[in-house]
Amino acid sequence: PAIRRIPRNTLKRIIHKLVATQKKKLIKEFASLDNKVSLCSDIWSDHWQSCSYMGITCHLIDNAWNIKKCLLAYRCFTDPHTAQNISHLMFIILEEYGLTSKFFSISFDNASANTCIMDELIRLCQPSIGDKFFHIRCTCHIFNLCVQDIRSIRFAIHYLWTHPQVMKQWGKFCKKMTVDFLDKLFNLQVFIYIQTNGIMKFLKAFKDDTDQLSGVYYPTCHLVLTHLCNVACTFSEHLNSNDPAIIECILSMKTKLEKYIFNIPDIFSCAIVLDPRLKLDDLGELLTLYYYSLNPITDACSSSSMIIFSVKNSLTEIYNEYNEKYGSQVGTQAQQLTTSSSTTSRLSKTQMLVRERTKHPRGSSSSNLELENYLTTTFDFSDADEETFDILRWWAQKTQVYPILSLMAKEILACPVSTVEMEQAFSVGGNTLDERRSTIRPENLEAQCLINDWSRAASRTQDSQNEKNDDEDIDGTSGTTTGGGTSD
């Protein structure tokens, strides 16, 4: 009774003031970065107001080598979902934060409109490396598309859970194990799936890979190829099953995987090279395993060699561009470090020059000497180091040794490979915009979603979002996510 109730208009003014203050801090932080950020975007349609909302999240590695994520917008979007309209609103949002020329890549799901807007975004934003790494397809969305063929398991189990009488009948059936009764309950094919342990292990592999690639506070770009190999090996293993139904499902999934990501994007391969434990040699092994698991008939080694050659050319091209852009800044910093240690004797300087010269491989041009040095240097990691290895901490310690490569690592490793973070933001909006608050104004909903995400960003709890349960998703009570078209 002693609690004084805050008027809703006062509370609204406080929230909007907090949003304005925090937005200024974000703009200042973005301007102080010496590297670019990556984006993730999607569009959500609610059932209460019958309108759409565009969400954009920003992912970056700050100057202290901590990976961060923040929601930039939860903007009402009433125009038709055409490529021009989507890119125009996105450009307006990026202008508000001063990011139109300071973002490295953008992640979408596989909706056709999202693919179509890339040309328009490239024209508006003119990224420094062109479209080489600009567009990233959501890997988790691709996994989800692959398992759509066996979603009948989920609906069958949901049917059992929501019908107590049927559940009792199912219990009696499990004791008797009579297939005739199952025909009356639901499709026999579902029974085959459920009774086969292989399909459960198969689905668990997809779930584990999706969970690993949905992380918020650790890089995921260098993990994609490894998890793709896990999925491809799972396909290959279960194709030896004696169950025709399972084989049919796996062949359909494999076809979808090959359709969307048979050709590994360069950014995932380059991220593997930037992992000092793997680099080009292990990249070749992973590619060979991936292509051989998908199609043992093809010459996987030949395909891997071509991709490695392409990746090395891409890395050299990117490195040269970074060296041209940031080389003078790095040289100035190195000169300052050198002058601070002026007590070094001439003999030690000569020894250092000779030692550095012997490290450089012959035939390397001075323009990409740092890259060649990294690729040819073998780094030793013990088993204990492998378990606790932190790729961001490693690059933070190697900033002085590889100044240009560390900038590349900052931008490439920050790229999100899934739109799960965006789905979490949509879950917050869906929980806020319910039956009791269906008349909330779009600008107030955006302010609440921004404050919610920014407060969790401060405590680094953005990876523990409580989402709606599976029952609500099946019933379709929440909104729907769409990029403005069907999957390519």
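State all residues of segment 88-103 that are buried (at least 19 other Cβ atoms within 10 Å of the Cβ) and modelled with pLDDT under 90; if no residue qualifies, say none.
Result: Phe103, single match.
Among the residues of segment 304-321, is any of a type outside the set (A, V, I, L, M, F, W, C) and not in a helix (DSSP H, G or I)?
Residues of segment 304-321 of a type outside the set (A, V, I, L, M, F, W, C): 304-305, 310, 312-314, 316-317, 319-321.
Those still in the list that are not in a helix (DSSP H, G or I) too: none.
Within segment 304-321 (the criterion being of a type outside the set (A, V, I, L, M, F, W, C) and not in a helix (DSSP H, G or I)), the answer is no, since none of the residues qualifies.
Yes/no matrix, rows are residues, columns are (1) hydroxyl-bearing (Ser, Thr, Tyr); (2) outside any strand (DSSP E or B); (3) surrounded by fewer than 23 Cβ atoms within 10 Å (Cβ to Cβ):
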residue	(1), (2), (3)
Ile6	no, yes, yes
Arg13	no, yes, yes
Ile27	no, yes, yes
Phe30	no, yes, yes
Asn35	no, yes, yes
Leu39	no, no, no
Tyr53	yes, no, no
Tyr74	yes, no, no
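Here are some conditions: (1) touching a His at 6+ places or on another chain (Cβ under 6 Å); (2) at pLDDT below 85; (3) surrounded by 20 or more Cβ atoms within 10 Å (Cβ to Cβ). Ile474 meets all but one. Which one does it not meet?
In the conditions (1) touching a His at 6+ places or on another chain (Cβ under 6 Å); (2) at pLDDT below 85; (3) surrounded by 20 or more Cβ atoms within 10 Å (Cβ to Cβ), Ile474 misses (3) alone.
Could you figure out which of (1) assigned by the TED database to the domain that holds Phe103; (2) open to solvent by 70 Å² or more (accessible area, probe 1.4 Å); (3) not polar (S, T, N, Q) isn't true of Val19?
Every listed condition holds for Val19 apart from (2).
Quick one: Ala300 ticks every box in (1) more than 18 Å from the chain's Cα centre (by Cα); (2) open to solvent by 10 Å² or more (accessible area, probe 1.4 Å); (3) at pLDDT below 90 except a single one, so which number is it?
Every listed condition holds for Ala300 apart from (2).
Identify the residue in segment 41-51 that is open to solvent by 10 Å² or more (accessible area, probe 1.4 Å) and outside any loop (DSSP other than H, G, I, E, B) and, among all such residues, is modelled with the highest pLDDT.
Trp44
Of these, Leu160, Leu188, Leu121, which one is surrounded by 15 or more Cβ atoms within 10 Å (Cβ to Cβ) and either outside the structural domain of Ile92 (by the TED database) or at pLDDT below 70 (or both)?
Leu160
The values are calculated or read from the model by the stated rules, or taken from the named source; none is laboratory data. Note that the coordinates shown come from a computational prediction; the quantities given were computed from them, not determined experimentally. Here the Cβ is made from the backbone with ideal geometry for all residues, glycine too, and neighbour counts use every protein chain on show. Quick note on the areas: whole protein, heavy atoms, side chains included, nothing else; ligands and nucleic acids left out. Shrake-Rupley method; radii C 1.70, N 1.55, O 1.52, S 1.80 Å.
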